[in-house]
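Beneath this line is the structure, given in structure tokens, with notes to follow.
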Amino acid sequence: MSDTFDALVIGAGPNGLAAAAYLAQAGLRVAVLEAEAAAGGGCANNLALGDLAVPVGAQTLYALDPRVVKDLKLVRRGLKFAARDLAQIGLRSDGKPLALGRDAYAAARSIAPYSQRDAERFVVFRRELFAFARVMRAMWWEDGETESQDELRRLAVTGAAAFLDAAFESEAMKAIFAFDAMAGGLSPAAAGTSLLFAWRAAQEMCGLQGAVAIPRVGMAALAEALSAAAGAACVEIRTNSPVARLLLSGDAVAGVALASGEEIPARLVLSNLSRRETLLNLAPADATGFATAKRLGRAPEVGEAKLVLALKAVPGFAAIQPAGRFVIAERLESCIGAHGEARAGRLPGELALEAVVPTMFDPSLAPPGVHILSVLVRPLPVSPEEGWPRLASRLIENVLVLLERHAPGLYANIVGLNFVAPKPSRDPFDVSHMLAPWRARISTPIGGLFLCGEAAEPVPALSCCAARIAAAIAVAHLKGEVR
Amino acid sequence: MTGLRATPFHGRVAEANKLNLWENWGGFTLASGDPGEALAARFGAVVVDISWHWRVSIRGERAGEFVSRLLTRDASRLRPGEALKALWLNDAGGVRGSGTMARMGAESFMLVSTAEDFGWIADAAALYGVAVRDVTAEEGVLTLLGPAAGKVLAAAGLEVDLGPLALRKFFWRGLDVMLSRLGDGFELWCKPDDALIVWDRIFKAGRGFALCPAGQRALDILDLENGAMQPGRDFAPARDGFSLEPSPQSLGLSGLVDRDHIFNGRAGTVGPEKVLAGILFDSETPAPQTVLLRNGFAVGHTLGSLVSPALRRAIALAVLDADAAAPGTALTAAGAACRTCALPFLPSPGSP
Amino acid sequence: MRYDACIIGAGADGLAAAATLAARGLKVAVVERDSRPGGRCVTREFHPGFRASPYVDELAPIPADIFWSLDLARRGALLAPASSSLPQAADSLRCPIVERVLADAATSAKRSLFASRAPHAPWPGEEFSARTLLEVLGESSAASTERAHLLASVLDGRVCDPALAGSALQLLAGTRGGMAAGGLGRLGEALRGAAEEAGAEITCGLEATDIKRKARRVAGVGLADGSEIAARAVISTLDLKRTFLSLFSWSELPRALVDRVGAFRPVPGTARLLVALEAPPDPRAGMDASTLRGPIHVASDAVALDDAYRAWRRSAVPERPPTMLRLVSAVDPSLAPDGAATLTVTLGAIPHTPFDGAWTHEKRDRLRDTALAAVETVWPGVAKRVLGLELIVPPDVEHLLGVSGGDLTGGELAADQMLGFRPFADCRGSRTPVEGLYLAGPSSALGPLATCAAGVAAARAVMADFAAGRLK
């Protein structure tokens, strides 16, 4: 026999915890149902790396909603940052690295060897991008309309490749943005992908626009702080409670049924899972419309994988100043071709990597003398023809060769290695998702069921903004208001 | 049973009639076809089954005299193998029909028209002791239209050297056929039993020349684009013996009337002259038998009207007052804007 | 003598603009670099007795009102009905888009500081900017030959990745306006007849080298022989890059304009092979007369199309380029001598300059052999009947027609370069940021959609601006 709850949250990842905390702060009785043994989701240290454990999901924080940080008092609850403003460093085989930090003029100096014109243009480029991004916050942080409609209209149809080709002339500058242009499995040549840059630039970490941060004690600190916030608001977190299906009464949700058979009634259910998983696996077959079900049935074709290495010594490129995240991509054009190959189910010949060495900023993450190198790889097929176990070994080999080229001796220093393949459970992503109103991303055809996780964000990334807005919409729904 | 008859080419026409649209004229069931075939006639060549055209054979000692009196132009001066186009009128001068009269021999003629008038002609012929016989069912006739029509016939083995309005008989690899140029393009006449063989031979020869079969709709459009008037579609022929309407001048057909010749109904061929002109619409809606207005005043009316695929707009033949018939005059027909233009709308497909 | 308008380029757009303006009584001069007017609308005798239109067999459809008002059919331009049907959604969008551009052209608004705040009316067809071609064609991700065929017939030799957002705009570009009896040259002659009869003066054999300005406004066109045509307005039917980067010196244009023009992307991708056959190919089982008259896409599958696209992106010549055959003499027998046949082969995804250097004779021969091999798969034994050939690759198109990069479409049909963004987002209805200069031609909004429409739109813009007193 279970108590009655006003709202249930499926999934105790950071978004689920944040949503639960908001709902509880609004006066509801909330329970979070987590299938695993511990809360934390992608932030929890679930990936074994030799004797260590590292998170499965994101390796940096660049989109955490400042309002969530403030409302849930996360700083007081233990979320401190070891690195506040990582620069974007492009490692190249044809010259010195490009370091694009907050100081635009220093960045220009590192660009100058590649192209003087690009160096001059970069200052203006960043200033204009950031200004446009700030205006777009009206749309991405609230549910409002942005003022710069013309600019938005133009960027909404311009592909990232076209945008970068128009802005810069050197391959180095175009390639350094290639990794970010492939977020969500999109091709840099697809129309509208230039908005991905604007979205990244619209975010704010630690009071700095467009900053990339690494929490002290690792991503687990975020999960801990959010759990503490949820706990302080009297949210009940139940682990080892996988949800098997939703219970409906008519067109609206009436609760959930766990895999164990236990049924928990509730009038609101917020799901931290993707739209596909929620509507196709948990909801009854006839609850979603036919066309929606068909569209959701398509798994995403291109995704990213994560490779983590434990090293005996710091890799060579970690010495570059300013400290930052390392982007390894030779040419933007080859990323476009690589995306096509990934779409066809093959391992691309050229890859784009983003690598961070979190132990540079927070040595407590690993025993002394051991360093963690965390690498995200794009673009990769989600369901390759030969299957992931076979493809993984080839991919790892290619990535290691690529890393060795920029950090000689790295191969010999490896003491631990692990790999996470791309997830087929994510929703397929396209640019119209970024421009849809929040309500459209959060609501589902089932009354009382809302999405609060990454699937409801404009761009798939760890943000908790969707959790905040979903909680507000859910509370309003419960109170019978129609917004 | 509808009582409709099939032309000798029906078997092949039915296969070719992909749209499966049929119409009937003269008691025969005919394939309508697609209007786009009229455009195909301007590229390569098309074949249309015109076996349904009404044909009478006129034979007798006084046939020449009869024919001369019957038509508005003197056909007795034709030599065998020649033809002319003319009208025949009722006693008061109203047009009963229009067609082509060909001289087949010293005492034998053939009249071809799209609208039949057998009874009246038979009665008239009886006064001269001339035998008139409806021979429509005795032949199959195909017409070949298009810039490559001559080349198709040459490839089929029929070396053509015919002038306009001429006929000639051939022995064509075992078949008795006749070739003529009575209208646009060529006509090929054969016995009904030989019809399918003739069709197959023509199409085999036409393979390198983009030859397609076409239906009656295409033929109507080509006639209209050429400015040719058809009784039945364009005007209602006078069917009693004494009505004045329609008169040749009111149809703008005075060109087919020879004033110096003596023919039946000559007395009535005086009166105000109207001009036969073309009308181009600014839309694709045809407007047959509609009054034409200029600045609110009626200046004439349209006859037949169809959409021309080559011009991509609706066109019509019209009879207008002389002063309104200058090319380019803006008019309205049932509210739709249109303007006059000189005939023919487009040059005949057969001419280079 | 000062003309009211000088039109650069006597192609379909230039002649249509000239006819429209001259019919209203304006003094119009048309300047053409080639010895004959017509541009793409030419029929060339590439082998004694064998004729074909060298660049395309069919153009985009001509809007009906323009076809009527220029009286093209009665001047000898007879266009066969469209050869195949494509998704209706796109065809029915053409009319509203043409009307929208013509309406914009006819409104002469004074450009003000507040112009950018004016509400922006959405364009018909804008929803295609976010959708992929595959999605609109209604296919699933599974590969199939029919899907590849449909894709090939939509793309018609243009190169594009059909799975990317924005590729659905390819449906708006038309190449189904119908073949002309006697080849496209008849259309060119009909247009020339319309222009000359209306009173326009067409000068051939002289290239326009620059546009003269007086006080930021257009004053005339300078020609290659040093002479000058003074005009109140200039309509350029050259593509965007040629117009701005070769007819002006870069320093006299605002930097933003030069950047925008520089960022406009051409996508050269089509090569053509004209083949003279001594006899028509033997009919193949399953190919009836109407199939022979239409375009035949050589069996391509999704993998081949994908590989070809990727090869093109790398500037390599694909091994199996998307190939379309057209037995043009089966539609119009006058294009070949009696008993012979003319065949055109359109190859897609051919780069402008292969990555390993310019088009040498060997590379041309290899491409020619690839094309003939494709023809052989449809009609075995055809190669023995070849009497003569002519291969046209993108640099040839660039040289002969003067289009940047050899791209006949005038620029990539991507979401940021189509409809409201083609070519300038803030200039409406054929106008450009240069006062007195109007852009018709392939790089304008109507360029890829419809033939002659861009020229008529530019003419209407000129007339509207004259009436509003903006050009003295």
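The values are calculated or read from the model by the stated rules, or taken from the named source; none is laboratory data. The model shown is predicted, which means the values in this text are computed figures rather than measured ones. Positions of Cβ are generated from backbone atoms using ideal geometry, with glycine treated the same way; all protein chains shown enter the neighbour counts.
For B:Leu179, work out the one condition from (1) under 19 Å from the mean Cα position of the chain (by Cα); (2) outside any helix (DSSP H, G or I); (3) in contact (Cβ under 8 Å) with a residue 60 or more places away in the chain; (4) more than 14 Å from every other protein chain (Cβ to nearest Cβ) it doesn't fulfil.
For B:Leu179, the failing item is (3).
Among the residues of the stretch C:284-322 satisfying the criterion of being in contact with a His (Cβ under 9 Å, 6 or more places away or on another chain) and modelled with pLDDT of 90 or more, which is surrounded by the most Cβ atoms within 10 Å (Cβ to Cβ)?
The qualifying residue surrounded by the most Cβ atoms within 10 Å (Cβ to Cβ) is C:Pro322.
Tally up the residues in the stretch B:45-75 that are more than 18 Å from B:Trp120 (Cβ to Cβ), assigned to a loop (DSSP other than H, G, I, E, B) and β-branched (Val, Ile, Thr), please.
So the answer is 1.
A:Gly95 fails exactly one of the following numbered conditions: (1) buried (at least 16 other Cβ atoms within 10 Å of the Cβ); (2) at pLDDT below 90. What is the number of that condition?
The number of the failed condition is (1).
Output the number of residues of the stretch C:308-318 satisfying the condition of being facing chain A (nearest Cβ under 9 Å) and in a helix (DSSP H, G or I). I'd like the intermediate steps shown before the answer.
Filtering the stretch C:308-318 for residues facing chain A (nearest Cβ under 9 Å) gives C:309-310, C:313-314.
Applying the additional criterion that residues be in a helix (DSSP H, G or I) yields C:309-310, C:313.
Summing the residues that are facing chain A (nearest Cβ under 9 Å) and in a helix (DSSP H, G or I) in the stretch C:308-318 gives 3.
Given the criterion closer than 21 Å to C:Pro442 by Cβ, outside any loop (DSSP other than H, G, I, E, B), away from chain A (no Cβ under 14 Å) and modelled with pLDDT under 90, identify the matching residue among C:Leu171, C:Leu187, C:Leu191. First the steps, then the outcome.
On the way: C:Leu187 fails: modelled with pLDDT under 90; C:Leu191 fails: modelled with pLDDT under 90.
None of the others qualify; the one that does is C:Leu171.
Here is a yes/no grid of residues against (1) among the basic types (Lys, Arg); (2) assigned to a strand (DSSP E or B); (3) over 30 Å from B:Ala277 (Cα atoms); (4) in contact with a Lys or Arg (Cβ under 6 Å, 6 or more places away or on another chain):
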{"residue": "B:Asp194", "(1), (2), (3), (4)": "no, no, yes, no"}
{"residue": "B:Ile197", "(1), (2), (3), (4)": "no, no, yes, no"}
{"residue": "B:Arg201", "(1), (2), (3), (4)": "yes, no, yes, no"}
{"residue": "B:Lys204", "(1), (2), (3), (4)": "yes, no, yes, no"}
{"residue": "B:Gly208", "(1), (2), (3), (4)": "no, no, yes, no"}
{"residue": "B:Cys212", "(1), (2), (3), (4)": "no, yes, yes, no"}
{"residue": "B:Ala218", "(1), (2), (3), (4)": "no, no, no, no"}
{"residue": "B:Asp223", "(1), (2), (3), (4)": "no, no, no, no"}
{"residue": "B:Met229", "(1), (2), (3), (4)": "no, no, no, no"}
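Check every one of the helices (runs of 4 or more DSSP H) wholly within the stretch A:135-201 and list those with 1 or more residues that are away from every other protein chain (no Cβ under 12 Å) and under 19 Å from A:Phe326 (Cα atoms). Break it down into steps so the answer makes sense when it comes.
Values: elements: A:149-157, A:160-167, A:171-176, A:178-181.
Filter on the stretch A:135-201 gives A:171-176, A:178-181.
The conditions are (1) within 14 Å of chain C (Cβ to nearest Cβ); (2) more than 23 Å from the chain's Cα centre (by Cα); (3) of a type in the set (Gly, Ala, Ser), and A:Ala299 fails exactly one of them. Which is it?
For A:Ala299, the exception is condition (2).
For the stretch C:319-371, which residues satisfy the criterion of being more than 14 Å from chain B (Cβ to nearest Cβ), part of a strand (DSSP E or B) and polar (S, T, N, Q)? If you could, list the steps in order and put the result at the bottom.
Keep residues of the stretch C:319-371 that are more than 14 Å from chain B (Cβ to nearest Cβ), which gives C:319-325, C:344-371.
Imposing the further condition that a residue be part of a strand (DSSP E or B) reduces the set to C:323-325, C:344-347.
C:Thr323, C:Thr344, C:Thr346 - these are the residues of the stretch C:319-371 that are more than 14 Å from chain B (Cβ to nearest Cβ), part of a strand (DSSP E or B) and polar (S, T, N, Q).
Being away from chain C (no Cβ under 14 Å) and more than 21 Å from the chain's Cα centre (by Cα) is true for just one of B:Gly241, B:Gly304, B:Gly252, B:Gly328. Which residue is that?
Values: B:Gly304 fails: more than 21 Å from the chain's Cα centre (by Cα); B:Gly252 fails: more than 21 Å from the chain's Cα centre (by Cα); B:Gly328 fails: away from chain C (no Cβ under 14 Å).
None of the other options fit; the residue is B:Gly241.
Of the conditions (1) more than 30 Å from C:Gly76 (Cα to Cα); (2) buried (at least 22 other Cβ atoms within 10 Å of the Cβ); (3) under 20 Å from the mean Cα position of the chain (by Cα), B:Ala45 satisfies every one except a single condition; which number is it?
Condition not satisfied by B:Ala45: (1).
Could you check B:Gly278 against (1) within 13 Å of chain C (Cβ to nearest Cβ); (2) farther than 22 Å from B:Pro246 by Cα; (3) not aromatic (Phe, Trp, Tyr) and say which number it fails?
Every condition holds for B:Gly278 apart from (2).
So in the stretch A:440-483, with the set limited to residues that are modelled with pLDDT of 90 or more and basic (Lys, Arg), which one is nearest to A:Ala156 (Cα to Cα)?
A:Arg441
Only one residue in B:Leu19, B:Leu78, B:Leu39, B:Leu30 is of a type in the set (A, V, I, L, M, F, W, C), part of a strand (DSSP E or B) and either farther than 19 Å from B:Pro231 by Cα or within 17 Å of the chain's Cα centre (by Cα) (or both). Which one?
Details: B:Leu19 fails: part of a strand (DSSP E or B); B:Leu78 fails: part of a strand (DSSP E or B); B:Leu39 fails: part of a strand (DSSP E or B).
It is B:Leu30.
How many residues does the stretch C:32-51 hold that are among the hydrophobic types (A, V, I, L, M, F, W, C) and over 17 Å from the mean Cα position of the chain (by Cα)?
Here is the first cut: in the stretch C:32-51, the residues among the hydrophobic types (A, V, I, L, M, F, W, C) are C:41-42, C:46, C:50.
Remaining after also requiring over 17 Å from the mean Cα position of the chain (by Cα): C:46, C:50.
Residues in the stretch C:32-51 being among the hydrophobic types (A, V, I, L, M, F, W, C) and over 17 Å from the mean Cα position of the chain (by Cα): 2 in total.
Six or more apart or on different chains, Cβ under 7 Å: which pairs go from a residue in the stretch C:28-50 that's among the β-branched types (Val, Ile, Thr) to one that's assigned to a loop (DSSP other than H, G, I, E, B) and surrounded by fewer than 19 Cβ atoms within 10 Å (Cβ to Cβ)? Could you list them?
From the stretch C:28-50, the pairs are C:Val31/C:Leu206.
Which members of the stretch C:451-467 meet the condition of being buried (at least 24 other Cβ atoms within 10 Å of the Cβ) and touching a strand residue (DSSP E or B) at 6+ places or on another chain (Cβ under 9 Å)?
Within the stretch C:451-467, C:Ala454, C:Gly455, C:Ala457, C:Ala458, C:Ala459, C:Ala461, C:Val462 qualify.
Here are C:Leu413, C:Leu347: which of them is in contact (Cβ under 8 Å) with a residue 24 or more places away in the chain and touching a strand residue (DSSP E or B) at 6+ places or on another chain (Cβ under 9 Å)? Even if it seems obvious, please write down each step before you answer.
Details: C:Leu413 fails: touching a strand residue (DSSP E or B) at 6+ places or on another chain (Cβ under 9 Å).
On inspection, the qualifying residue turns out to be C:Leu347.
Restricting to strands (runs of 3 or more DSSP E) lying wholly in the stretch A:345-440: which have 3 or more residues that are of a type in the set (S, T, N, Q) and surrounded by 15 or more Cβ atoms within 10 Å (Cβ to Cβ)? Give the steps one after another, and end with the answer.
Values: elements: A:352-356, A:371-381, A:414-420.
Ranges flagged: none.
Looking only at residues that are in a loop (DSSP other than H, G, I, E, B) and buried (at least 20 other Cβ atoms within 10 Å of the Cβ) in the stretch C:248-273, which one is farthest from the other protein chains (Cβ to nearest Cβ)?
Start the filter on the stretch C:248-273 by keeping residues that are in a loop (DSSP other than H, G, I, E, B), which leaves C:248-249, C:253-254, C:264-270.
Then drop every residue that is not buried (at least 20 other Cβ atoms within 10 Å of the Cβ), which leaves C:264, C:266-270.
Working: C:Phe264: 9, C:Pro266: 13, C:Val267: 12, C:Pro268: 16, C:Gly269: 15, C:Thr270: 20 Å.
Among those residues, the one meeting the criterion is C:Thr270.
Just the residues that are among the hydroxyl-bearing types (Ser, Thr, Tyr) and either within 14 Å of chain C (Cβ to nearest Cβ) or within 30 Å of C:Gly177 (Cβ to Cβ) (or both), please, taken from the stretch B:281-301. Can you show your working first?
Of the residues in the stretch B:281-301, the ones among the hydroxyl-bearing types (Ser, Thr, Tyr) are B:283, B:285, B:290.
Correct list: B:Ser283, B:Thr285.
Right, B:Glu225: within 14 Å of chain C (Cβ to nearest Cβ) and either surrounded by fewer than 17 Cβ atoms within 10 Å (Cβ to Cβ) or touching a Pro at 6+ places or on another chain (Cβ under 7 Å) (or both) or not?
For B:Glu225, the condition - within 14 Å of chain C (Cβ to nearest Cβ) and either surrounded by fewer than 17 Cβ atoms within 10 Å (Cβ to Cβ) or touching a Pro at 6+ places or on another chain (Cβ under 7 Å) (or both) - is met.
I need the full set of residues from the stretch C:372-395 which are surrounded by 17 or more Cβ atoms within 10 Å (Cβ to Cβ) and closer than 17 Å to C:Val159 by Cβ, in order please.
Those that are surrounded by 17 or more Cβ atoms within 10 Å (Cβ to Cβ) and closer than 17 Å to C:Val159 by Cβ: C:Ala374, C:Ile392, C:Val393, C:Pro394.
When you look at C:Arg470, is it over 15 Å from the mean Cα position of the chain (by Cα), among the charged types (D, E, K, R), surrounded by fewer than 24 Cβ atoms within 10 Å (Cβ to Cβ) and at pLDDT below 90, yes or no?
Values: over 15 Å from the mean Cα position of the chain (by Cα): yes; among the charged types (D, E, K, R): yes; surrounded by fewer than 24 Cβ atoms within 10 Å (Cβ to Cβ): yes; at pLDDT below 90: yes.
Judged against the criteria, C:Arg470 is a match.
Pick from B:Gly44, B:Gly11: which is within 14 Å of chain C (Cβ to nearest Cβ), in contact (Cβ under 8 Å) with a residue 40 or more places away in the chain, farther than 28 Å from B:Ala267 by Cβ and not aliphatic (A, V, I, L, M)? Write out each step before concluding.
On the way: B:Gly11 fails: within 14 Å of chain C (Cβ to nearest Cβ).
Unique residue meeting the criteria: B:Gly44.
Quick check on this structure: which one of C:Glu197, C:Glu207 is in contact with a Lys or Arg (Cβ under 8 Å, 6 or more places away or on another chain) and among the acidic types (Asp, Glu)? It would help to see each step written out before you state the result.
On the way: C:Glu197 fails: in contact with a Lys or Arg (Cβ under 8 Å, 6 or more places away or on another chain).
C:Glu207 is the lone residue from the list that is in contact with a Lys or Arg (Cβ under 8 Å, 6 or more places away or on another chain) and among the acidic types (Asp, Glu).
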